[in-house]
Amino acid sequence: MRENRAEKQWNLFVIGLALSVHLTGFGKELTLSERRVKQLNYPPISEETFSSESWSGPRPTQLDPLISQDWGLTSIGFFDAFTPLVQPMKAGVSSCSKDVVVAVVDTGIDYTHPELRENLWVNAGESGPWTPPVATNEVICRDKSCNGVDDDGNGFIDDVIGWDFVNDVPLPFDTHGHGSHISGIIAASAANGVGLSGVCPRVRIMALKYYDSSGAGFNNLQNTVKAFHYANKMGAKIINYSGGGSEAAAAERMALEDSRSKGILVVAAAGNDGRSNDLLPYYPASYPLDNIISVASINRQDQLLPSSNFGKIVQVAAPGLSILSTLPGSRYGMMSGTSQATAFVTGAAALLASQFAQIKDFDYRSVKTWLTQGTRPMPEASSKSLVAYGILSVPGALKQSKSWTAQKTAPSIALEVIKKKNRIR
Ligand SMILES: [Ca+2]
Ligand SMILES: [Ca+2]
């Protein structure tokens, strides 16, 4: 996802250009960011997004019709912990909490997707009614999310669900697909009658767009660092980063050290070069920071994908081949790689984060310990050199977290119902 680190000079020029446009402005009718969002052809965001309770009213629980096609959920033992139709779950397991904020630093998110729009982080300081300081009859936006004012003073105007660092606009719409796919694996809505389910529905995705394949010349690394700082500042507990490169960068490492000082867990892809990260590091996964957990990818048979990086510096492996998840335009599709594996681990980390009595008790060291100690072994004889621990196991991690009473009651019945109803047409 992040190949063009060497283009710094060009990137600085482009960023300089963008900055001068920013300072010049375009006029008064629309705010600059509104105009740029319009130019980018991003869809508007639903007002319901800002009213946190609007999605959570009573509604019938309905089967997620594609859930049985998501082999990754079976692989990680999802159905041992959840009863898909009722969420939650088994005795002693707390359901995924909306207090857990997961920053997805990626290509953005389709914030209109029916599976994702209910699970967006909403910046409280940039949402809610707003009255202009000078009375006016003009038709202007009277919500903090679109008033052109940096209401929370964090340096970003109208950053209500995250930020697009590629285009420097508030709405991080995903024109690529990758970020929506990752977000769906983590938190796609469960039991809503469409699509599938994320590992941890109801947690809040903070969408931070650092990468855009059409945005050639923009510095992915520089945008990554900005996105990490945003996540650090704005209350993320977990950061999902499914990109990287072979060059270490002091600014990136410092941003992740800051994440560490704020108690944030960083889940990072091991990379898709089919090599050992012990011999040739891959960053940010390989920074020697204890708040990073690095993830390799496996197939249905628990074998490491030939494309997956590996090594003792990689902690765990998770499903990464032909993974079904959400795509922009209310669609679904398959993607492969350590990116997808990373998202499964992030979802599991979010579930573990939800087990704390209060989110302020969240402790990345504990979560990392539960994830690694709760793994199941890889089948290969040489598995010891593939990853340091083993394959992600949600029941194993929950058991480690002590709130899990290893009950094995009836998950197979729920699964059978789903299988019968979900025949592919
Ligand atoms: Ca702001
Ligand atoms: Ca605002």
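Return the pair list, or none, for Cβ contacts closer than 6 Å from residues in segment 138-149 that are part of a helix (DSSP H, G or I) to residues that are more than 6 Å from ligand 2 (Cβ to nearest atom), at least 6 apart or on different chains.
From residues that are part of a helix (DSSP H, G or I), the pairs are 144/127; 144/128; 144/130; 145/50; 145/127; 145/160.
Specify the residue that is nearest to residue 108 (Cα to Cα); the eligible residues are those in segment 141-168 that are at pLDDT 95 or above, more than 7 Å from ligand 2 (Cβ to nearest atom) and acidic (Asp, Glu).
Among residues in segment 141-168 that are at pLDDT 95 or above, more than 7 Å from ligand 2 (Cβ to nearest atom) and acidic (Asp, Glu), the one nearest to residue 108 (Cα to Cα) is 164.
Scan segment 305-315 residue by residue and report those that are in contact with a strand residue (DSSP E or B) (Cβ under 6 Å, 6 or more places away or on another chain) and touching a residue at least 40 places away in the same chain (Cβ under 8 Å). Explain how you work it out, then say what you get.
Filtering segment 305-315 for residues in contact with a strand residue (DSSP E or B) (Cβ under 6 Å, 6 or more places away or on another chain) gives 305, 308, 310-311, 314-315.
Within segment 305-315, 310, 311, 314, 315 meet the criteria.
Might you check whether a residue that is over 19 Å from residue 103 (Cβ atoms) and not polar (S, T, N, Q) occurs anywhere in segment 223-238? Spell out the reasoning first.
Step one: of segment 223-238, the residues over 19 Å from residue 103 (Cβ atoms) are none.
Checked segment 223-238: no residue is over 19 Å from residue 103 (Cβ atoms) and not polar (S, T, N, Q).
Going residue by residue through segment 274-296, is there one that turns out to be touching a residue at least 40 places away in the same chain (Cβ under 8 Å) and of a type in the set (Val, Ile, Thr)?
Yes: one or more hits.
With the structure loaded, tell me whether residue 212 is assigned to a loop (DSSP other than H, G, I, E, B), among the acidic types (Asp, Glu) and within 16 Å of ligand 1 (Cβ to nearest atom) or whether it fails that test. Walk me through how you get there before you give the answer.
On the way: assigned to a loop (DSSP other than H, G, I, E, B): yes; among the acidic types (Asp, Glu): yes; within 16 Å of ligand 1 (Cβ to nearest atom): no.
Criteria not met by residue 212.
Which of the residues belonging to segment 110-146 are surrounded by fewer than 22 Cβ atoms within 10 Å (Cβ to Cβ), within 16 Å of ligand 1 (Cβ to nearest atom) and of a type in the set (Gly, Ala, Ser)?
Of everything in segment 110-146, those that are surrounded by fewer than 22 Cβ atoms within 10 Å (Cβ to Cβ), within 16 Å of ligand 1 (Cβ to nearest atom) and of a type in the set (Gly, Ala, Ser) turn out to be 124, 125, 128.
For segment 155-209, which positions are within 16 Å of ligand 1 (Cβ to nearest atom), in contact with a strand residue (DSSP E or B) (Cβ under 7 Å, 6 or more places away or on another chain) and not charged (D, E, K, R)?
Correct list: 156, 161, 162, 163, 165, 170, 171, 172, 206, 207, 208.
So residue 232 passes all but one of these: (1) in contact (Cβ under 8 Å) with a residue 60 or more places away in the chain; (2) in contact with a helix residue (DSSP H, G or I) (Cβ under 9 Å, 6 or more places away or on another chain); (3) of a type in the set (S, T, N, Q). Which condition number does it fail?
(1)
Taking the condition touching a residue at least 24 places away in the same chain (Cβ under 8 Å), more than 16 Å from ligand 2 (Cβ to nearest atom) and of a type outside the set (D, E, K, R), does residue 105 pass?
Yes; evaluated as a whole, the condition is true for this residue.
The values are calculated or read from the model by the stated rules, or taken from the named source; none is laboratory data. Since we're looking at a predicted model, the values are computed, not measured. We place every Cβ from the backbone using ideal geometry, glycine too, and count neighbours over all the protein chains shown.
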